[in-house]
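Below is one structure, written out as structure tokens; the observations come after it.
The values are calculated or read from the model by the stated rules, or taken from the named source; none is laboratory data. For clarity, every value in this text was computed on a predicted model and none was experimentally measured. FYI the Cβ positions are ideal-geometry reconstructions off the backbone, even for glycines, and counts take in every protein chain you see. Accessible surface areas use protein heavy atoms only, side chains included; no ligands, DNA or RNA. Shrake-Rupley method; radii C 1.70, N 1.55, O 1.52, S 1.80 Å.
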Amino acid sequence: RAVVTARAVLRVLSCRDEVDASRLSYLGVSAGGIFGAILLALEPSIGRAALVLPGGDFPRIIGESSEPRIREYREAWAARGVGSDALVAELQREVRTDPRLLARHVDPRRVLLFIGSCDTSVPTRTGLDLRRALGDPEVYLLSGGHVTSCLCFGFILHRIDEFLIGEFLPEPS
């Protein structure tokens, strides 16, 4: 439903005079990066996307993340007698919109990735798996985890600006 809603919003925005539909880009961080990888695979009007701290293999993210709400989710299932491995196996059977599975529909030249080298919220290896599935787009492996990668924030913003907006700006005189 979220992808359908996002696509509908893009259609409405694209009809507005102040929006140049040929220059639509996407920026997503963490869950927004995971969602963006899915949206990019299904929405051809998005020219480029910058995905910060994303991952693929959503079931494995659920099974391994140190994120407090995800740990609580696993604990709630464990209290019902469903261990982490069983939960991941069930999710692998049921999840059809995993970014890793849809990545083959994305031109890697349209993507810029930033992955935390010590990320335990969206485990680093799920970000690297997504990168491989996307066809090895440009990637920056950031020093730190999900939160401490913010120390690279200035660089991240500068690089995103170049990638998403820079090509559309006129050269300075």
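Across region 116-132, a minimum of one residue is classified as assigned to a helix (DSSP H, G or I), crowded, with 21+ Cβ neighbours inside 10 Å, without any contact (Cβ under 8 Å) to a residue 24 or more places away in the chain and within 11 Å of the chain's Cα centre (by Cα).
Between Ser65, Ser45, Ser84, the distinction of being open to solvent by less than 20 Å² (accessible area, probe 1.4 Å) and of a type in the set (Ser, Thr, Tyr) belongs to Ser65 only.
Being more than 28 Å from Arg23 (Cβ to Cβ), of a type outside the set (Ser, Thr, Tyr) and either free of Cβ contacts under 8 Å to residues at least 60 places away in the same chain or not in a loop (DSSP other than H, G, I, E, B) (or both) is a property that Ala103 lacks.
Residue under question is Cys150, and the condition is that it be more than 15 Å from the chain's Cα centre (by Cα) and not in a loop (DSSP other than H, G, I, E, B); does it hold? For Cys150, the condition - more than 15 Å from the chain's Cα centre (by Cα) and not in a loop (DSSP other than H, G, I, E, B) - is met.
Checking each residue in region 44-66 for being modelled with pLDDT under 95 and among the acidic types (Asp, Glu) picks out only Asp57. The numbered conditions (1) part of a helix (DSSP H, G or I); (2) within 27 Å of Leu164 (Cβ to Cβ) are all true for Ala78 except (2). Criterion first (exposed (fewer than 15 other Cβ atoms within 10 Å of the Cβ) and not hydrophobic (A, V, I, L, M, F, W, C)) does Arg93 satisfy it? Yes; evaluated as a whole, the condition is true for this residue. Sub-7 Å Cβ pairs linking a first residue in region 26-41 that is among the aromatic types (Phe, Trp, Tyr) to a second residue that is not in a helix (DSSP H, G or I), at least 6 apart or interchain, are Tyr26/Ile46; Tyr26/Ala49; Phe35/Gly28, ordered by first then second residue. Evaluate region 157-165: report whether one residue or more is surrounded by 14 or more Cβ atoms within 10 Å (Cβ to Cβ), touching a residue at least 24 places away in the same chain (Cβ under 8 Å) and not aliphatic (A, V, I, L, M). There is at least one residue in region 157-165 that is surrounded by 14 or more Cβ atoms within 10 Å (Cβ to Cβ), touching a residue at least 24 places away in the same chain (Cβ under 8 Å) and not aliphatic (A, V, I, L, M).
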